[in-house]
Amino acid sequence: MGNQETGKINPLFLTEADQYVFAQGNHYEIYEKLGAHLTTCNGEEGVYFAVYAPNAQYVNVAGSFNDWDIYQHNMMRLGGGGIFALFVPGVKEGDLYKFVITAQDGRKLYKADPFANYAQLRPENASVVTDLRRIAWSDASWLKERVDKDWFKEPISIYECHIGSWMKHPATEENPDGFYNYREFADRIVPYMKEMGYTHIELMGIAEHPFDGSWGYQVTGYYAPTSRYGTPEDFAYLINTLHKNKLGVIIDWVPAHFPRDGFGLAEFDGTCVYEHPDPRRGEHPDWGTKIFNYGKNEVRNFLIANALFWVEKFHVDGVRVDAVASMLYLDYGKQDGQWLANQYGDNKNLDAIDFFRHFNSIMKKRNPGVMTIAEESTAWPMVTGAPEEGGLGFTFKWNMGWMHDFCEYMKLDPIMRSGDHYGMTFAMSYNSSENYILPISHDEVVHLKCSMLKKMPGYEVDKYANLRAGYMYMFTHSGKKLLFMGQDFGQECEWSEARELEWHCLSDPLHAGMKNYMEKLLALYKKYPSLHEIDNDWAGFEWLNADDKDNSIYTYYRKNSTGKNNIMVILNMTPMERKDYVVGVPKKKKYKVLLNSDEKQFGGTGAAMPAEFTAKAKKEGRFDYSFSIDLPPYAAVMLLF
């Protein structure tokens, strides 16, 4: 079993109370106790190691500090809770280590630390001793302001971004992938986001993962920023820099499943420690991954403490939860015989429901102003409803229905759009049921789905005009906004994690015009409360005419709580010019043009349009006032009144 004399227990570090609360599932700082922590024991400096491996025969820690001797440092079992621990003097920051777990059947399992804060660069996978206490934060004013933010009334325009493929260096021997490190990325992304006018960045693939092609959605190191882009300190620099520039940070979080890699969580001590032991509950047949056991206290604790870790130790402002539907439904992606019903005989995962309520409740209690966001693709009710009223408790939900209807409509040949006219209006019929974010995410521009630009019908110039009109609809519709990188300047190719965005496109006037247009659109979205203050109630949105399917024209307006500076939108979704198109309006006022997608500077025709329109007492539809406008092909016009 190894030499127990070379290591020592530090009983004050991980107490019986710690073990008890962890076993109850409520130790929200358990990451301060499990893992590897630099400390002093009886006057000696070293590292305190602790790991949860309840069914192990015994556990050793091996690493660069003991020449990877798997017998030298045998860890002690603490009580009956399944935790093994040992203080090893002389271990220092930067040392590599793994836990060597001897299973009940005698197998030796070499496992990375589930609570490690840093790991070797793939394909190596040892954990690295690090010290987060050294990180110097300078974002106190941002965090103080965040506490009182009412995000439902604030503008939220999220730039979804994959660091490794946003921009790359030329490949070198030292950096064959061309990755920008966190610091370089920070110094480049901040000017871009400020220039464009986004409010938040959503970072894909931050937690450590072994395979680039998973985009970070198959995690092996839940508590470690990926070493692809640098150290934990480098990652903190990125967060600090964004916050100092008044930009929020959202991370993708993956509690739905984890990969089978031998060094990871799968069958951690030779048994199902983290995954459900019944494969009908514990495996995704299509994904080839393991499903967490949400009914087990220690597993819930591992995950909930992990979400809190990113918020409380790394100051992130929001957690976007991936694949929520796969957690809520026991039969998600499974055929008959591959899943096990709950105690009531249906397909709801009752443990996952309780997990979400716990996660969202404790996050809001401990970190007011932090958003939790559900990527939930079904009609599950009350995803953003209060847990005490039967909801799941998320702040926002991605509106996948809107995304699907929008993309399907925009792909249609204009002659066919009249037949799907109400596909574009349908989302408002259920808009008040949740607090929504409208997402055009990475999932919509991969796997032969085409980039947003290439989804559009028509000749080249038509594609840009279509997309400008589509973006006007997105950014003036009810709901917060998310747009994946590259789509704001009309990237032509599908996204790939292996190459950088097509920045060279910006030398083309049409691409440059698209970027210029998006800058103006984002600026107006932030400036006018009518576009963001009331997002989940009809008090903030009104159709002026939702029924002109023959012309494929939509008119509507957005309202705010003051009744002043309302925004009106007119969309012509065909390549036909509409001369003297009559728009019924609620007030006899002047309607000032704020943005016209057909302007030359954006890549449009540049057809003349008055700076404002004056409504007259002439009835149109249900309104007593109206004005006429010459609408260019595919024109999207935003007006202030």
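Observations on the model:
Every residue, every condition in (1) under 25 Å from the mean Cα position of the chain (by Cα); (2) of a type outside the set (Phe, Trp, Tyr), yes or no:
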position: Phe268; (1), (2): no, no
position: Trp287; (1), (2): yes, no
position: Leu308; (1), (2): yes, yes
position: Leu328; (1), (2): yes, yes
position: Asp331; (1), (2): yes, yes
position: Gln343; (1), (2): no, yes
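- Hits in region 148-190 (condition: in a helix (DSSP H, G or I) and more than 21 Å from the chain's Cα centre (by Cα)): Glu184, Asp187
- Residue match in region 421-443 (condition: in contact (Cβ under 8 Å) with a residue 12 or more places away in the chain, more than 22 Å from the chain's Cα centre (by Cα), more than 30 Å from Glu389 (Cβ to Cβ) and assigned to a loop (DSSP other than H, G, I, E, B)): yes
- Scanning region 22-43 for residues that are farther than 22 Å from Asn297 by Cα, surrounded by fewer than 20 Cβ atoms within 10 Å (Cβ to Cβ) and not small (Gly, Ala, Ser) yields Leu38, Thr39, Thr40, Cys41, Asn42.
- Restricting region 12-21 to residues that are hydrophobic (A, V, I, L, M, F, W, C) and not in a helix (DSSP H, G or I), the residue that is surrounded by the fewest Cβ atoms within 10 Å (Cβ to Cβ): Leu12
- Among the residues of region 77-133, just one is in a strand (DSSP E or B), more than 19 Å from Tyr222 (Cβ to Cβ) and among the small types (Gly, Ala, Ser), namely Ala85.
- Residues of region 213-247 classified as in a strand (DSSP E or B) and surrounded by fewer than 24 Cβ atoms within 10 Å (Cβ to Cβ), total: 0
- Scanning region 356-386 for residues that are surrounded by fewer than 19 Cβ atoms within 10 Å (Cβ to Cβ), out of contact with any strand residue (DSSP E or B) (no Cβ under 9 Å at 6 or more places or on another chain) and in a helix (DSSP H, G or I) gives Arg357, Ser361, Ile362, Lys365, Arg366.
- Subset of region 387-408 (residues that are farther than 24 Å from Met424 by Cβ and outside any loop (DSSP other than H, G, I, E, B)): Pro387, Glu388, Glu389
- Residue list for region 484-502, filter: within 13 Å of Lys449 (Cβ to Cβ), in a loop (DSSP other than H, G, I, E, B) and of a type in the set (Phe, Trp, Tyr): Trp495
- Matching option when the condition is surrounded by 14 or more Cβ atoms within 10 Å (Cβ to Cβ), of a type in the set (A, V, I, L, M), more than 30 Å from Phe489 (Cβ to Cβ) and out of contact with any Gly (no Cβ under 9 Å at 6 or more places or on another chain), among Val585, Val569: Val585
- Any chance Gly46 is buried (at least 18 other Cβ atoms within 10 Å of the Cβ), touching a Leu at 6+ places or on another chain (Cβ under 9 Å) and either free of Cβ contacts under 8 Å to residues at least 12 places away in the same chain or farther than 26 Å from Ala266 by Cβ (or both): yes
- Residue among Tyr471, Tyr517, Tyr459, Tyr464 that is surrounded by 17 or more Cβ atoms within 10 Å (Cβ to Cβ), among the hydroxyl-bearing types (Ser, Thr, Tyr), over 23 Å from Val585 (Cβ atoms) and over 26 Å from the mean Cα position of the chain (by Cα): Tyr464
- Residues that are of a type outside the set (Ser, Thr, Tyr), under 22 Å from Asn516 (Cα atoms) and either at pLDDT below 95 or assigned to a loop (DSSP other than H, G, I, E, B) (or both) within region 459-481 comprise just one, His477.
- Single residue of region 259-279 satisfying the filter (hydrophobic (A, V, I, L, M, F, W, C) and surrounded by fewer than 22 Cβ atoms within 10 Å (Cβ to Cβ)) that is nearest to Leu482 (Cα to Cα): Ala266
- Among the residues of region 505-551, those identified as among the small types (Gly, Ala, Ser) and closer than 27 Å to Tyr422 by Cα are Ser530, Ala539, Gly540, Ala546.
- Some residue of region 389-410 being at pLDDT 95 or above, within 28 Å of Glu275 (Cα to Cα), surrounded by fewer than 16 Cβ atoms within 10 Å (Cβ to Cβ) and out of contact with any Cys (no Cβ under 8 Å at 6 or more places or on another chain): yes
- Checking each residue in region 79-107 for being of a type outside the set (Gly, Ala, Ser) and surrounded by fewer than 19 Cβ atoms within 10 Å (Cβ to Cβ) picks out Pro89, Lys92, Glu93, Leu96, Gln104, Asp105, Arg107.
- Some residue of region 318-326 being in contact (Cβ under 8 Å) with a residue 60 or more places away in the chain, under 23 Å from Leu203 (Cα atoms), of a type in the set (A, V, I, L, M, F, W, C) and out of contact with any strand residue (DSSP E or B) (no Cβ under 9 Å at 6 or more places or on another chain): yes
- Just one of the listed residues (Asp252, Asp286, Asp322) is under 21 Å from Glu375 (Cβ atoms), among the acidic types (Asp, Glu) and modelled with pLDDT under 95, and it is Asp286.
- Residue match in region 155-167 (condition: outside the structural domain of Gly197 (by TED's automatic domain parsing) and of a type in the set (Asp, Glu)): no
- Top-ranked residue in region 547-561 [being outside any loop (DSSP other than H, G, I, E, B) and either among the acidic types (Asp, Glu) or over 35 Å from the mean Cα position of the chain (by Cα) (or both); ranked as surrounded by the most Cβ atoms within 10 Å (Cβ to Cβ)]: Asp548
- Region 421-438, subset in contact with a Phe, Trp or Tyr (Cβ under 6 Å, 6 or more places away or on another chain) and closer than 19 Å to Tyr471 by Cβ, residue surrounded by the fewest Cβ atoms within 10 Å (Cβ to Cβ): Gly423
The values are calculated or read from the model by the stated rules, or taken from the named source; none is laboratory data. Keep in mind the model is a prediction, meaning the values are calculated, not measured. Backbone-built Cβ (ideal geometry, glycine too); neighbour counts: all protein chains shown.
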